[in-house]
Amino acid sequence: MSIRSHYLLHSLIILFLLPTVGIGKRNPEFDGKWTLIPEKSSEIGLYKTLTLNIHQDASTVTIIHIWGKRRSFSDTLILETGGAVNQVPVRNRIWPTNVFMGLSMQPGTIRQITATWEEDGMLLRLKERYPIRGSQGVALISSTHTYRLSSNKEILTYKVTRSSRKTDPEIKYVFKRAGTKEAYFMELEDNWEIQGKLPEQAFLISLQGIVNTHGPKL
């Protein structure tokens, strides 16, 4: 085979492989609404809580962070995956992870974000660069956001690391699927007399055991 034929063959192989490089395997199990488990998560100053909505299509992932409830802030990212640099305009000054640090985003600037699927679709990694204003002026911040799905696909762990936060505790938020693993309680009367509420109380306690057969619900 001639040198020219070798070159042509190698070029065709490279062109064939290029569409798959860096794309990774997406995972539809990420899709849906996720609600925060506060006791397993980092404290959220002003907003107190965080909800995630995730949706995917063939080449993009949409992530909506909703900070707070009645007083809320929403941050929507529609990102092309596979390592492409997404240019996301900044339209609001709010820096939601900690609004009391005296730091603010810069409207009119750009957030540069890459999104890649890793670990056979069990991890989504975002790498982000953006300018932020603090007491010392404007600085360029780099951060990494990871969204990891548990092996049973019922828990999502979101972690944030920043170039400016090397020694502080990690920022971690743990979520469950919205509408799952809900718990309820029933307040019993303080009446345990045989001629009083004891039969009813005993019935309710027995009922609790049945309800919780496959997991804590009551």
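When the test is whether a residue is touching a residue at least 12 places away in the same chain (Cβ under 8 Å) and surrounded by 15 or more Cβ atoms within 10 Å (Cβ to Cβ), PHE175 passes it.
Tell me, yes or no, whether segment 58-66 has at least one residue that is small (Gly, Ala, Ser) and either over 18 Å from the mean Cα position of the chain (by Cα) or closer than 21 Å to PHE30 by Cα (or both). Yes, some residue in segment 58-66 is small (Gly, Ala, Ser) and either over 18 Å from the mean Cα position of the chain (by Cα) or closer than 21 Å to PHE30 by Cα (or both). The residues of segment 68-87 that are more than 21 Å from PRO131 (Cα to Cα) and assigned to a strand (DSSP E or B), listed by number, are GLU80, THR81.
In segment 83-105, of all residues being in contact (Cβ under 8 Å) with a residue 40 or more places away in the chain and over 18 Å from the mean Cα position of the chain (by Cα), the one that is nearest to HIS55 (Cα to Cα) corresponds to GLY83.
Of the residues making up segment 29-48, those that are at pLDDT 95 or above and in contact with a helix residue (DSSP H, G or I) (Cβ under 9 Å, 6 or more places away or on another chain) are GLU29, PHE30.
Checked against the criterion of being loosely packed, with under 13 Cβ neighbours inside 10 Å, under 26 Å from GLU39 (Cβ atoms) and in contact (Cβ under 8 Å) with a residue 24 or more places away in the chain, the candidates ARG71, ARG148 yield just one match: ARG71. State whether the residues of segment 95-102 include one that is assigned to a strand (DSSP E or B) and in the same structural domain as SER42 (by TED's automatic domain parsing). Checked against the condition, which is being assigned to a strand (DSSP E or B) and in the same structural domain as SER42 (by TED's automatic domain parsing), segment 95-102 yields no hits at all.
Does THR76 satisfy the criteria of being in the same structural domain as ARG148 (by TED's automatic domain parsing), within 26 Å of SER150 (Cα to Cα) and out of contact with any Phe, Trp or Tyr (no Cβ under 9 Å at 6 or more places or on another chain)? Yes, satisfied.
Yes/no per residue for (1) assigned by TED's automatic domain parsing to the domain that holds PRO38; (2) free of Cβ contacts under 8 Å to residues at least 24 places away in the same chain; (3) not in a strand (DSSP E or B):
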position: ILE113; (1), (2), (3): yes, no, no
position: GLU128; (1), (2), (3): yes, yes, no
position: PRO131; (1), (2), (3): yes, no, no
position: LEU140; (1), (2), (3): yes, yes, no
position: SER143; (1), (2), (3): yes, yes, no
position: ASN152; (1), (2), (3): yes, yes, yes
position: PRO169; (1), (2), (3): yes, no, yes
position: ILE194; (1), (2), (3): no, yes, yes
position: ILE210; (1), (2), (3): no, yes, yes
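Evaluate segment 185-200: report whether one residue or more is in contact with a Phe, Trp or Tyr (Cβ under 9 Å, 6 or more places away or on another chain) and either modelled with pLDDT under 95 or over 22 Å from ASN212 (Cβ atoms) (or both). Yes, segment 185-200 has at least one match.
The values are calculated or read from the model by the stated rules, or taken from the named source; none is laboratory data. This one's a predicted model, so the numbers in the text were calculated from it and none came from an experiment. So basically every Cβ, Gly included, is an ideal-geometry build from the backbone, and we count neighbours across all protein chains shown.
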